[in-house]
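To start, the structure itself, in structure tokens.
The values are calculated or read from the model by the stated rules, or taken from the named source; none is laboratory data. It should be emphasised that the depicted structure is a prediction, and the values quoted were computed from it without experimental measurement. Every residue, glycine among them, receives a Cβ derived from its backbone with ideal geometry; neighbour counts consider all protein chains shown.
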Amino acid sequence: MLLVLAKDVVVRCRRADVNHVESVLPAALKMFKDKTKIQATLSVDKVNFLPDSCFGGVVLATNRGRILISNTLESRLELISSRILPQIRTGLFGKNANRKYRD
């Protein structure tokens, strides 16, 4: 929520996680209000669920679904894998002799 600072946010989760997500919403709202002084509303989307094949996490939707923030395990792994790809490449193939600058 801190990424978009929206007042109305819909949380999408797996059908199996609805009760857990609903139980942590009040604490999340309180933390958001303490940090931003914005009175917001959080609700769980009970129509559009994440697929059961998803390993967990949530997707936040604002502005009638125009802005989506994915915080699922899969999206986090994609982010990490793209960031550590240079280290993996160096570990597998060694340093590139043709590269002029090293990051």
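Might you let me know whether the stretch 6-14 holds any residue that is over 15 Å from the mean Cα position of the chain (by Cα) and either modelled with pLDDT of 95 or more or of a type in the set (A, V, I, L, M, F, W, C) (or both)?
The first filter runs over the stretch 6-14 and keeps only residues over 15 Å from the mean Cα position of the chain (by Cα), leaving 6-8.
Now drop any that are not either modelled with pLDDT of 95 or more or of a type in the set (A, V, I, L, M, F, W, C) (or both), which leaves 6.
Taking every residue of the stretch 6-14 in turn, at least one turns out to be over 15 Å from the mean Cα position of the chain (by Cα) and either modelled with pLDDT of 95 or more or of a type in the set (A, V, I, L, M, F, W, C) (or both).
Go through the residues of the stretch 66-73 one by one and say whether even a single one is under 17 Å from the mean Cα position of the chain (by Cα) and part of a loop (DSSP other than H, G, I, E, B).
yes
For residue 4, only one of the following conditions fails: (1) of a type outside the set (Gly, Ala, Ser); (2) outside any helix (DSSP H, G or I); (3) free of Cβ contacts under 8 Å to residues at least 60 places away in the same chain. What is its number?
(3)
Go through the stretch 31-51 and report how many residues are assigned to a loop (DSSP other than H, G, I, E, B) and either over 17 Å from the mean Cα position of the chain (by Cα) or without any contact (Cβ under 8 Å) to a residue 12 or more places away in the chain (or both).
Narrowing the stretch 31-51 to residues assigned to a loop (DSSP other than H, G, I, E, B): 37-40, 45-49, 51.
Those left that are additionally either over 17 Å from the mean Cα position of the chain (by Cα) or without any contact (Cβ under 8 Å) to a residue 12 or more places away in the chain (or both): 37-40, 46-47.
The qualifying residues number 6.
Could you grab the pairs with beta carbons closer than 8 Å, sequence gap of 6+ or different chains, first residue in the stretch 70-89 and closer than 28 Å to residue 12 by Cα and among the basic types (Lys, Arg), second one modelled with pLDDT of 90 or more and surrounded by 12 or more Cβ atoms within 10 Å (Cβ to Cβ)?
Sorted first by the residue in the stretch 70-89, then by its partner, the pairs are 76/57.
What are the residues in the stretch 21-78 that are of a type in the set (Phe, Trp, Tyr) and touching a helix residue (DSSP H, G or I) at 6+ places or on another chain (Cβ under 9 Å), if any?
Initial filter on the stretch 21-78 (of a type in the set (Phe, Trp, Tyr)): 32, 49, 55.
Once the filter is applied, which keeps residues that are of a type in the set (Phe, Trp, Tyr) and touching a helix residue (DSSP H, G or I) at 6+ places or on another chain (Cβ under 9 Å), the stretch 21-78 yields 49, 55.
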